[in-house]
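Here the structure comes first, spelled out in C-alpha cells, and everything after it is commentary.
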Amino acid sequence: MSGPVIRVNGLSKRYRLRAATPGETLREALMARLRGRARAPEIGEVWAIRDVSFEVGAGEVLGVVGRNGSGKSTLLKVLARITDPTAGSAEIIGRVGALLEVGTGFHTELTGRENIHLNGAILGMRRHEIRAAFDRIVQFAGIEKFLDTQMKHYSSGMQTRLAFSIAAHLHPEILFVDEVLAVGDAEFQQRCMGKMGEIVREGRTVIFVSHNMQAVRNICTRALYLEKGRISVCGATEEVIEAYLKSVRESGHERRWAPAEAPHGEGVRLLRLAVSGEQSGDTGQLLSGEDILIDLECELERVYSSLQIGFDLLTVDGAVVFRSYQSDGIVSEHPRLRVGNNLLRCRIPAGYLNAGRFVLAPRIGDSARWLIREDPVIELRVTLTHGVSPFWSGINVATKPGATAPVLRWESLGGS
C-alpha cells in the first residue's frame with residue numbers, strides 16, 4: 001500500500017467541566033439524567049487536543065511525546081474511535097489494534113481464553129486466524145495457568161501482558177500503543193520492545209506514545225511533540241526529542257505547584273520537588289563528589305503502611321538509573337508520615353553518580369496502583385569530581401562509562 005494510511009486534519013477534543021452535586025451518588029446522577037432533570041451547570045471547558053493535523057505513511061512508526069496532560073492519550077482514543085472528536089477528522093485505512101489502558105477491550109466476567117477470542121473478533125479476525133495465533137499469545141503473555149480464570153481476577157500486570165500479546169500477535173495493519181507498557185515488569189518490558197522491533201520490521205504502521213526517549217529513538221521513524229493539546233514540533237525523531245527535553249532543562253533546580261494545579265491522586269497532592277548539592281547548593285551544577293539532596297513536599301489526607309513516596313532518576317534519554325521510595329530500607333528507619341504537610345529528603349551519597357545529565361520524575365503510589373506518576377520535571381547536571389585515578393593523565397577523565405561511577409573496593413587474593 002502506498003501513500004498515507006492515517007490522515008488527521010484539524011482534530012480537536014473538548015471536555016466540558018460541570019459543578020459536582022454534593023452528596024450525589026452515581027446511581028442518583030444516572031436516574032436524574034433518565035428523568036430529564038437539569039444537568040449541573042457548566043463551570044468551564046478543557047481542550048484536550050486542539051487543531052492537530054498530521055499524516056502517517058504505510059509502514060511508518062510515529063512517536064508521540066509530551067508531558068502528562070498534553071493530550072497524547074486523548075489523541076489515541078480519538079483515533080481508535082473510543083471517543084468522538086469535537087471537531088476535525090481522522091481517516092484510517094486498515095485494520096486497527098489498540099493497546100491503550102489496562103483492561104481496555106476486556107470483559108471482566110469472561111476468562112482469558114474467551115477474551116482472546118473476543119478481542120480477535122473485535123479486530124475483525126476470522127476464527128482460523130485466532131486459533132493459529134492462540135498458543136503464541138498465551139505463551140508470550142505467560143498466563144497458561146490462568147487461561148480459564150475470569151479476567152476480574154487478573155492483576156493489572158497480567159492484563160497488560162495479555163493485552164499487548166493479543167495486539168501484537170493478531171496482526172492488525174495499524175497499531176496504537178500507549179505508555180501502558182510501563183505497568184509491566186522490566187523483563188516483560190524488554191520482551192515487548194523486542195516484539196515492537198519485529199512489528200516494525202514487518203512493515204506495520206504504528207503510533208507509539210512513550211516517555212522512554214531511548215525507545216522512541218530506537219523504533220520511531222518520525223515523532224511529534226504535543227504541548228497543551230497542540231503540536232509543538234513534528235519531524236525527525238532526534239529533533240523532536242531534543243525539543244521535548246529542552247522543556248525539562250528549562251525548569252531549573254526546583255518545581256513548585258500551587259495547590260489548585262498540583263499533581264494529585266486519591267488522598268495525596270504533590271507540592272514541591274527540588275534538588276541541591278550539599279556543598280554547591282542550588283546552583284544547578286552538582287558535583288559527583290558531594291551528597292546530592294532531593295526534597296519532596298506533599299500533602300496527605302491519610303497515612304497507611306503501603307503508601308510509597310519517591311522518584312525515578314533517569315538519564316535524559318529516558319533510561320531509569322534507579323527508583324527510590326521513602327519506604328526503602330529498614331522499616332524502623334523509614335521517615336514518619338503524617339496527615340497534612342510532609343517534607344521529605346532523599347540523600348544520594350557522594351561518589352555514586354557519574355558526570356552527565358539526569359532528570360527527576362516524581363512517583364507516588366501504593367501496592368496496587370499509581371497515585372501520581374509525573375513526567376520528568378527537573379534536570380540534574382553533574383560534574384565528575386571523585387574516583388579519578390592519578391594514573392589517568394593524558395586520558396579524558398571528564399567522565400567514565402555508565403550512569404554511575406562508584407568507587408569500589410578491590411583487594412588482592414594472592415596468585416601464583
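Where a number appears in this text, it was derived from the coordinates with a stated rule and is not lab data. Remember, predicted model here, so these are calculated numbers, not experimental data. Reconstructed Cβ throughout: ideal geometry from the backbone, glycine too, with neighbour counts over all protein chains shown.
Observations on the structure shown:
- Restriction of the GluC sites (Glu not before Pro) in the stretch 47-122 to DSSP coil positions whose beta-carbon has at most 15 other beta-carbons within 10 angstrom yields Glu109.
- Each of Leu413, Ile130, Pro362 was scored by the projection of its Cα onto the charge dipole of the chain, and the greatest displacement toward the positive side belongs to Ile130; charges sit on the C-beta of Lys, Arg, Asp and Glu.
- Counting 0.36 nm for each residue step from Arg127 to Arg230 and taking away their Cα separation leaves a gain of 33.0 nm.
- Taking the chain as a Gaussian network of alpha-carbon nodes connected by springs under 10 Å, the highest mean-square fluctuation of the residues Leu75, Leu245, Leu300 belongs to Leu300.
- The structure shown yields Rg and Dmax of the Cα atoms in Å, and of the options (1) 29.2, 101; (2) 25.8, 99; (3) 24.2, 92 that calculated value carries the label (3).
- Residue order, fewest to most beta carbons within 10 Å, for Val359, Val321: Val321, Val359
- Once backbone amide H atoms are built at 1.01 Å from N, Met125 has no partners under 5 Å, excluding neighbours fewer than 5 places away on the same chain.
- Relative contact order (%) - the stretch 4-248, alpha-carbon pairs under 8 angstrom, separation at least six: 27 percent
- Measuring nothing but how far apart in sequence close Cα pairs (under 8 Å, 6+ apart) lie, relative to its length, the chain scores a relative contact order of 14 percent.
- Candidates Leu162, Leu224, Leu293: whichever shows maximal mean-square fluctuation once the chain is modelled as a Gaussian network with Cα springs under 10 Å: Leu293
- Pairs beyond 32 Å (Cα-Cα), from Lys72/Lys400; Lys152/Lys195; Lys72/Lys195; Lys152/Lys246: Lys72/Lys400; Lys152/Lys246
- Cα→Cβ-extended label distance, 7 Å offset, between Val303 and Leu110, nm: 4.6 nm
- Selected from Thr315, Thr237, Thr385 as most flexible by GNM, with the chain as the system and alpha-carbon contacts under 10 Å: Thr385
- Label sites at Glu261 and Arg191, each approximated as a point 7 angstrom past Cα along Cα to Cβ, lie 4.3 nm apart.
- With Rh defined as the Kirkwood radius, the inverse of the mean 1/r over Cα pairs, the Rg/Rh of the stretch 254-383 is 0.95.
- Dipole-positive endmost among Gly10, Val65, Gln139 within the chain (Cβ charges, Cα centre): Gly10
- Distance from the C-alpha centroid of the stretch 303-330 to that of the stretch 262-278: 13 Å, rounded to the whole angstrom.
- For the chain, a simple Cβ point-charge model (Lys and Arg +1, Asp and Glu -1, everything else neutral) yields a dipole of about 1060 debye relative to the Cα centre.
- Database remark: amide H of Thr111 closer than 5 angstrom to the amide H of Met151 (H placed geometrically; neighbours at sequence offset of 5 or more, or on other chains; Pro and chain starts carry no H).
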